[in-house]
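These notes are about the structure you will find just below.
The values are calculated or read from the model by the stated rules, or taken from the named source; none is laboratory data. Small disclaimer: the values here were computed from a predicted structure and weren't measured. Don't worry about glycine lacking a Cβ; one is built from the backbone with ideal geometry, like all the others, and counts go over all protein chains shown.
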Amino acid sequence: TQGKPITCTAAVAYAAGKPLTVEQIVVDPPKAHEVRIKIEYTAVCHTDAYTLSGIDPEGAFPSILGHEGSGIVESVGEGVTNVKVGDHVIALYTAECGKCKFCKSGKTNLCGSVRATQGKGVMPDGTSRFHNQKGEPLLHFMGCSTFSQYTVVADVSVVAVDPKAPLDSISLLGCGVTTGYGAAIKTANVQKGDTVAVFGAGTVGLSVVQGAKSRGASKIIVVDINNDKKQWSFDFGATDFVNPKEDLKEGETIVQKLIEMTDGGLEYTFDCTGNVKVMRDALEACHKGWGESIIIGVAGAGEEISTRPFQLVTGRVWKGSAFGGIKGRSEMGGLIEDYQNGKLKVDEFITHRRPFTEINDAFEDLHHGDCLRTVLDL
Ligand code: NAD
Ligand code: AHE
Ligand code: ZN
């Protein structure tokens, strides 16, 4: 098959708010500095549902969504040196070229090499490698498009991993687990004894919890409106769980409650909901003088955050984190080792498994309290 188009099954997002269409598509061979991957497993992240719903300013259709996936390199284009045929790999929505201003800054994991074309749903040369049986081009998504049995990514957007690591589990390192864990241990750099509050106990939030726990945080408070998340929060290392719909006194706000629980506010808070009102609460629950709030959640088009500038004047810091601040190609190996050494929980997030053809049910699973991640077997 090397060098030839491959016909395979993919789930195509034809329009916002519509279920995905599982159908046969054609995947062209990789061009120079591109890699064609046989996707073995993909999970569905909340961000896939967000984009499919139509509220992502960068969302474009028809496209092949999915960005939390693992697989095996099927073929490589000219000039590819970082992976070879047969390598086990994770697709990276945050590329790492090692050469651009961002990569060389030492200040960020964001990479400028392919981000502009990635945001337009095309490969770096401006074209797509996917088309349907009618010959219509289908757009790429987040540089990954893992909702297809075969995908093509830029070489800077893929990392080879230890083939002994189970591909189903490590698909989750493509987004959710890495994002939360990294936000705690890299972006915030939580230290022993710090107090932490995590808003939203999905895979991202619970991974923040385990990052904070691994650093020895003295208090890890999970805030979630769904009581089904309580037991999981404790399992992953939370010390407290607050449901703002049930656990507040008459007239009390969640900010007041958290400040009272922590003698003046938290060292670090994390928004893992994407709700801009929650983001404000997370900032305002930070300790005066030094508390930092990290925004991880993704908000819809037109949504804006606000607070009184006085909150920042008095020392609170508002930050954001993409992919947990993790540089995918140079740091994924370390995360896989953490997983293999039992330091990083990954398998525990797989609450559902389904065949690829049930992908629309996997989107439905995400809305239920009993689901952290559904892993699809392609
Ligand atoms: P999820 O849907 O599994 O979890 C979200 C949790 O938030 C749920 O438990 C829900 O009950 C809770 N929640 C909703 N509204 C709430 C409220 N008002 N107060 C408290 N809790 C509330 O989602 P996920 O996959 O864990 O992703 C979390 C967010 O992070 C999403 O917005 C996603 O798009 C975003 N995300 C960002 C990055 C990044 O790199 N920045 C990476 C992955 C995901
Ligand atoms: N496209 C949206 C923003 C989406 C967004 O913020 N994505 C996160 C990753 S979510 C993963 O589940 C991210 O890393 N963003 C940084 C980047 O470079 O995309 C919009 O608002 O336009
Ligand atoms: Zn994601």
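Residues that are more than 16 Å from ligand 1 (Cβ to nearest atom) and either part of a loop (DSSP other than H, G, I, E, B) or out of contact with any strand residue (DSSP E or B) (no Cβ under 8 Å at 6 or more places or on another chain) (or both) within the range 31-52 comprise LYS31, ALA32, HIS33, listed in sequence order. Where helices (runs of 4 or more DSSP H) fall wholly inside the range 290-365, the ranges with 1 or more residues that are assigned by TED's automatic domain parsing to the domain that holds ALA95 and without any contact (Cβ under 8 Å) to a residue 40 or more places away in the chain are 359-365. Residue pairs whose Cβ atoms lie under 7 Å apart, sitting 6 or more positions apart in sequence or on different chains, and linking a residue in the range 34-51 that is in contact (Cβ under 8 Å) with a residue 24 or more places away in the chain to a partner that is among the polar types (S, T, N, Q) and more than 15 Å from ligand 3 (Cβ to nearest atom), are ARG36/SER75; ILE37/THR151; LYS38/GLN149; ILE39/SER148; ILE39/GLN149; ILE39/THR151. Is it the case that VAL85 is modelled with pLDDT of 95 or more, away from ligand 3 (no atom under 16 Å from the Cβ), among the hydrophobic types (A, V, I, L, M, F, W, C) and surrounded by fewer than 18 Cβ atoms within 10 Å (Cβ to Cβ)? For VAL85, the condition - modelled with pLDDT of 95 or more, away from ligand 3 (no atom under 16 Å from the Cβ), among the hydrophobic types (A, V, I, L, M, F, W, C) and surrounded by fewer than 18 Cβ atoms within 10 Å (Cβ to Cβ) - is met. Just one of the numbered conditions (1) assigned by TED's automatic domain parsing to the domain that holds ASN132; (2) under 29 Å from GLY121 (Cα atoms) is not true of ALA165: (2).
Can you pull out the residues in the range 156-196 that are crowded, with 24+ Cβ neighbours inside 10 Å, closer than 29 Å to ASP240 by Cβ and aliphatic (A, V, I, L, M)? LEU172, LEU173, VAL177, ALA183, ALA184, ALA188, VAL190, VAL196 - these are the residues of the range 156-196 that are crowded, with 24+ Cβ neighbours inside 10 Å, closer than 29 Å to ASP240 by Cβ and aliphatic (A, V, I, L, M). With respect to GLU331, determine if the residue is within 16 Å of ligand 2 (Cβ to nearest atom), among the acidic types (Asp, Glu) and closer than 18 Å to ALA184 by Cβ. So GLU331 fits the description; yes.
Matching residues to (1) of a type in the set (A, V, I, L, M, F, W, C); (2) within 16 Å of ligand 3 (Cβ to nearest atom):
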| position | (1), (2) |
| --- | --- |
| VAL26 | yes, no |
| ALA43 | yes, yes |
| ALA49 | yes, yes |
| SER53 | no, yes |
| HIS67 | no, yes |
| VAL76 | yes, no |
| THR81 | no, no |
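Annotation for the range 18-30: no member residue is within 16 Å of ligand 1 (Cβ to nearest atom) and not charged (D, E, K, R).
Would you tally the residues in the range 346-378 being surrounded by 21 or more Cβ atoms within 10 Å (Cβ to Cβ) and not hydroxyl-bearing (Ser, Thr, Tyr)? Of the residues in that region, 9 qualify.
A quick yes/no check of all residues on (1) closer than 23 Å to GLY297 by Cβ; (2) touching a Phe, Trp or Tyr at 6+ places or on another chain (Cβ under 8 Å):
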position: ASP28; (1), (2): no, yes
position: SER63; (1), (2): yes, yes
position: SER70; (1), (2): no, yes
position: HIS88; (1), (2): no, no
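The set of residues in the range 188-241 that are assigned to a loop (DSSP other than H, G, I, E, B), touching a strand residue (DSSP E or B) at 6+ places or on another chain (Cβ under 6 Å) and within 11 Å of ligand 1 (Cβ to nearest atom) contains only ALA201. Elements of the type helices (runs of 4 or more DSSP H) sitting completely within the range 100-177 and holding at least 2 residues that are out of contact with any helix residue (DSSP H, G or I) (no Cβ under 8 Å at 6 or more places or on another chain) and within 16 Å of ligand 1 (Cβ to nearest atom): these cover 115-120.
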